[in-house]
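Enquirer: Below: one structure in structure tokens.
The values are calculated or read from the model by the stated rules, or taken from the named source; none is laboratory data. The structure displayed is predicted, hence computed values, not measured ones. Backbone-built Cβ (ideal geometry, glycine too); neighbour counts: all protein chains shown. For accessibility, only protein heavy atoms count, side chains too; no ligands or nucleic acids. Shrake-Rupley method; radii C 1.70, N 1.55, O 1.52, S 1.80 Å.
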Amino acid sequence: NVYEGLFKLTDDGEVEKLLAQDHKVSGDGLTYTFTLRDNVTFHSGKKLTSQDVEYSLKKVIAKDSQSARKSNLDVIESIATPDARTVKVRLSKKSISFVYNLSYVWIINSEAENLKTSEDGTGPYQLKKWTRGSALSLDRFPGYWGDAAANKQVVFRYFKDATALNNALLTNAVDIVTSGQSPDALDQFENNPNYKVNDGDSTTK
């Protein structure tokens, strides 16, 4: 919602282009050339460039990185940025899942600061307010490069107690619960025409 990668995974597990408009692979399977979408801006107003992609990838594979994707991207040997919209990545060995793994890497503004308490992504929503452990609100980003977000604002609320979460849904304090903390309590919603219960089968969302 806030950050985006070069690629994204669909609910069916398919890899689709996102910030990458196109990509090519060399004959030996070791060099990937990515062309970035034009006119993509971060929420701060800065234009997305190849330098941001290089910066984001290097943060993931850095020695002190704690990214869960570090081991998946250890095959990266070098990164070059011939121009503002082109990124060339050289691998040390072939990787059939390289593009797939890139869908888990968010592209961040290389010039941004204090990203532990703020954000600067390219996504359809931008951070409005964050109350640690309580709630987080997102506003639609008017300068988004793609289709505008469907909702003007989204507020995420955090619940530590399953009963409190169910009560919030029953009293219309929240509209959606993304995952049931107490499956035994689903009957009260499945048998109520005011609610719809979806069983997901995706391994990615």
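Enquirer: Note the direction-averaged projected area, equal to a quarter of the hull surface, for the Cα convex hull of the chain, in nm².
Expert: 13.5
Enquirer: Let me ask something additional. Can you list the lysines whose alpha carbon is less than 22 Å from that of Lys24, not counting same-chain residues fewer than 8 positions off?
Expert: Lys8, Lys58, Lys88, Lys93, Lys94
Enquirer: The stretch 72-109: which trypsin sites (Lys or Arg not before Pro) are DSSP loop and have at most 11 other beta-carbon atoms within 10 angstrom?
Expert: Lys93, Lys94
Enquirer: Taking a ≥ b ≥ c as the square roots of the Cα gyration tensor eigenvalues, with a/c under 1.5 meaning rounded and otherwise prolate when a/b beats b/c, else oblate, which class fits the stretch 156-205?
Expert: oblate
Enquirer: Next question. Arrange the residues Ile61, Ile96 by how much accessible surface each exposes, largest first, with a 1.4 angstrom probe.
Expert: Of Ile61, Ile96, the descending order of accessible area is Ile96, Ile61.
Enquirer: If I compute solvent accessible area with a 1.4 Å probe over the protein chains, what percent of it on the stretch 7-73 is carbon and sulfur?
Expert: Taking all protein chains in place, the stretch 7-73 shows 43 percent carbon and sulfur surface.
Enquirer: Here is a further query. Using the Cα gyration tensor of the stretch 50-101, with a ≥ b ≥ c the square roots of its eigenvalues, what is the shape: rounded (a/c below 1.5), prolate (a/b larger than b/c) or oblate (neither)?
Expert: In terms of gyration-tensor shape, oblate.
Enquirer: Related question: With just the Cα atoms defining each centre, how far is the stretch 21-47 from the stretch 122-174? Give it in Å.
Expert: Going from one Cα centre to the other spans 30 Å.
Enquirer: Sorting check: for 9-15, 162-168, which peptide has the highest mean count of neighbouring beta carbons within 10 Å, and how do the rest follow?
Expert: 162-168, 9-15
Enquirer: Suppose we take every Cα in the stretch 14-124 and form the convex hull; what volume per residue is that in Å³?
Expert: 115
Enquirer: Sticking with this structure for a sec: Quick query: amide H of Leu48 versus all other amide H atoms, modeled in the peptide plane; which residues come in under 5 Å with a sequence gap of 5 or more or a different chain?
Expert: Val40, Thr41, Phe42
Enquirer: Relative to the longest principal Cα axis of the chain, at what angle does helix 50-61 sit, 0 to 90 degrees, rounded to 10?
Expert: The two axes meet at around 70 degrees.
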